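K.L.:
First, the structure itself, so that you have it in front of you.
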Amino acid sequence: MIRRIATVGGLTLVSRLTGFIRDVVMAAVLGAGPVADAFFVAFRLPNHFRAIFAEGAFAAAFVPAYARTLEQDGLPVAKVFGDQIASALVVINLVLLAIALIFTPWVVSVLAPGLVGDPERFDLAVALTRITFPYLALVSIETLFAGVLNANNRFAAAAGAPVLLNLSVIATLLLAPFFESAGHAAAWGVLIAGVAQMLLVGGDAEANGLGVRFRWPKLDEPTRKFLKALGPAIIGAGGVQLALFADTVIASFLPTGALSALYYADRINQLPIGVVGIAVGTVLLPEMSRRIAAGDLRGAASAQARGIQLALLLTVPCAVASLVIPELIMHALFARGAFTAADASAAGATLAAYAIGLLPFVLLRSFTAPFYARGDTLTPVKAALLAAAINIGLKVVLMGPLAQVGLALATAVGAWINLGLLAWFARRQGFAVSGAKIGRPVLMLLLAGGILAAALFAGHYALDHALSGMTTFRDETTLAILVVLGAIVYFAAVFLLLGRNWFNGLLREVTVAVETEVPPPGGPPDPVDDSAALPDNEPPPKT
């Protein structure tokens with residue numbers, strides 16, 4: 001399992017690094033003015049719907065259903081199920097796309113009402129949304145291909161697809177003089193990327209015998225179970241996205257630049273969420289689904305415990321850095337071109353607020369996986385909706401005194417509430433992760449994070465004085481030194497606090513997990529093994 005997490009996490013890291021380059025180019029070209037605000041509204045709208053209907057609700061319902069059908073009935077039956085769902089998905093997305101394109105001004109006015117009084121930003125947001133919205137349909141189909149591939153233990157193409165989005169937007173931004181505006185260039189980059197992502201993931205599925213064929217859906221048993229799980233999943237994903245919608249709605253009333261500060265701070269905050277949290281959750285869901293379908297409840301619980309420990313090991317230092325040196329991070333990474341030092345400072349304060357909720361954000365997928373793996377999409381809905389209600393209420397209260405920082409802070413509080421409720425519901429249902437198994441490692445990792453915080457604070461103070469004479473690249477140099485110093489201090493502290501036995505134990509459990517993997521009926525066929533995701537000189541994992 002950890003090998004697959006490394007595959008997904010490694011490719012996601014490449015995606016995030018190219019995403020960082022994209023954001024640096026975007027900050028330099030778009031800045032934080034009205035064009036940037038209009039583009040971020042246009043980019044957020046299809047992404048909100050994508051998170052509800054595609055990567056959120058659809059993936060949560062489809063992957064366990066497909067994995068369960070694959071485990072119990074074999075690949076041919078699972079392929080028929082996937083074909084039927086794909087046909088319905090295409091029809092639904094075409095209808096949604098037609099409605100959105102016809103009523104785009106109304107959609108923008110509802111979701112970003114603060115722009116209505118600013119004709120320049122509103123008209124530009126409408127025009128850009130009409131370009132970006134088809135991205136939703138393209139990525140929805142890609143998500144289905146990705147779910148099929150993931151359930152068959154193939155993760156590389158789906159994890160690497162977002163790289164195409166970054167490269168496409170970078171390319172069109174560099175060609176911005178040939179477009180009507182820089183915002184138009186970025187919007188066309190998004191649409192082109194949607195086509196490329198769908199072709200990449202769909203092509204990988206087709207090449208490995210997992211491509212879909214359109215056929216009329218039938219209300220058979222797998223489809224009924226899928227639909228039963230999909231309804232609550234849509235409500236749950238909608239609850240989470242409702243809170244993010246609230247960010248867009250409220251930020252549209254704030255001064256120019258608030259939307260941009262939220263975007264750039266969230267991009268840094270999303271780095272560990274994507275590289276660690278989503279990677280762990282992407283692998284953990286089909287892993288637990290297969291084990292639970294095979295009756296291996298102990299193996300499923302062990303997989304979850306390993307995922308949580310790995311996620312925390314890699315996320316704690318990111319959270320600490322974002323809390324201790326947020327302004328330095330934003331200045332070093334983005335303060336150039338049209339993105340001013342004041343813009344970077346505003347984004348830094350927003351990043352610190354987001355960082356308060358980074359740990360629960362990363363862990364959410366690990367805590368929802370045991371529910372989804374059992375076909376229970378209703379329980380996570382309860383947690384998500386209650387957390388979203390509190391989140392939105394706090395946004396309204398905090399937007400006045402704290403502006404966009406208050407929105408980020410409310411999001412962080414909502415994430416902690418969501419995680420706490422999931423843990424409580426899991427304990428009530430009898431499958432909470434064992435405190436005896438993860439309690440001490442969690443405490444020691446948090447203590448190591450405290451040591452890291454002290455080291456970063458002292459190091460930043462010392463370097464601020466030592467490098468005061470530098471006139472160029474001062475912030476970049478300071479950040480680079482602190483990254484190296486922080487990594488040494490943190491991992492040394494972890495090793496001293498948890499000892500060699502903890503690392504060896506984690507590696508030993510990984511070895512056992514790989515050797516006792518639950519294969520599909522009849523063994524994993526060659527077209528869907530892990531070897532394609534590994535370097536050419538590395539043998540495929542044992543099954």
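K.L.:
Roughly how compact is the chain, stated as its Cα Rg over 2.2 N^0.38 Å to two decimals?
P.N.:
Taking N as the residue count of the chain, the ratio is 0.95.
K.L.:
Still on this structure: Roll a 1.4 Å probe over the protein chains and send me the accessible area per residue for the range 111-219 in Å².
P.N.:
Per residue, the range 111-219 has an accessible area of 39 Å².
K.L.:
Here's another thing I want to ask about it. May I ask you to order 303-310, 481-488, 444-451 by the average number of other C-beta atoms within 10 Å around their residues, highest value first?
P.N.:
303-310, 444-451, 481-488
K.L.:
Given a Förster radius of 30 Å and the C-beta distance between TRP216 and TRP416 as r, what FRET efficiency does 1/(1 + (r/R0)^6) yield to the nearest 0.05?
P.N.:
0.10
K.L.:
Could you give the distance between the Cα centres of the range 310-370 and the range 78-93, to the whole Å?
P.N.:
38 Å
K.L.:
Within the chain, what's the longest run with no chymotrypsin sites (Phe, Trp or Tyr not before Pro) in a DSSP loop and at most 14 other beta-carbon atoms within 10 Å? Give the range, please.
P.N.:
254-472
K.L.:
Using the crude model of +1 on Lys and Arg Cβ and -1 on Asp and Glu Cβ, and no other charge, please compute the dipole size for the chain relative to its Cα centre, in debye to 20.
P.N.:
1340 debye
K.L.:
Could you work out the helix-only [θ] at 222 nm for the chain, with each DSSP H run of four or more residues adding -39,500 (n - 2.57) and the total divided by the number of residues, to the nearest 500 deg cm²/dmol?
P.N.:
-27500 deg cm²/dmol
K.L.:
Per 0.36 nm of contour for each residue apart, how much would the distance between VAL397 and ILE481 grow if the chain were fully extended, relative to their Cα-Cα spacing?
P.N.:
26.3 nm
K.L.:
Kindly report, to the nearest 10 Å², the accessible surface of HIS465 as traced by a 1.4 Å probe over protein heavy atoms only.
P.N.:
110 Å²
K.L.:
Just how many pairs of Lys in the chain have C-alpha atoms closer than 27 Å, counting pairs that are eight or more places apart or on different chains?
P.N.:
10
K.L.:
Tell me, what is the per residue accessible area of the range 395-477 in Å², probe radius 1.4 Å?
P.N.:
Heavy-atom SASA per residue in the range 395-477 reads 54 Å².
K.L.:
List every DSSP H helix in the chain whose Cα atoms extend 30 Å or more along the helix's own long axis and whose mean Kyte-Doolittle hydropathy is at least -1.0.
P.N.:
Once both thresholds are applied, what remains is 2-30, 75-102, 182-207, 221-251, 297-324, 378-402, 404-429, 435-466, 474-515.
K.L.:
How much accessible area does GLU120 have with a 1.4 Å probe, in Å² rounded to the nearest 10?
P.N.:
Number for this one is 120 Å².
K.L.:
Given Cα positions, please report Rg to Rh for the range 139-219, the hydrodynamic radius being the Kirkwood one.
P.N.:
With Rh from the inverse mean 1/r over Cα pairs, Rg/Rh is 1.12.
K.L.:
On to the next question. Per residue, what volume in Å³ does the Cα convex hull of the range 355-512 take up?
P.N.:
Hull volume over Cα atoms, normalised by residue count, gives 163 Å³.
K.L.:
Which percent of the accessible area of the chain is formed by carbon and sulfur heavy atoms (probe 1.4 angstrom)?
P.N.:
That fraction is 70 percent.
K.L.:
Principal axes first, then extents: for the Cα atoms of the range 296-396, list largest minus smallest coordinate on each axis, whole Å, largest first.
P.N.:
That gives 54, 33, 21 Å along the principal axes, largest extent first.
K.L.:
Provide the three semi-axes, in whole Å and in decreasing order, of the ellipsoid equivalent to the range 264-303 as defined by the square roots of 5 times the Cα gyration tensor eigenvalues.
P.N.:
30, 8, 5
The values are calculated or read from the model by the stated rules, or taken from the named source; none is laboratory data. Note that the structure is predicted; figures quoted are calculated from it, not measured. Don't worry about glycine lacking a Cβ; one is built from the backbone with ideal geometry, like all the others, and counts go over all protein chains shown. We work out accessible area using only protein heavy atoms, side chains counted, and drop any ligands, DNA or RNA first. Shrake-Rupley method; radii C 1.70, N 1.55, O 1.52, S 1.80 Å.
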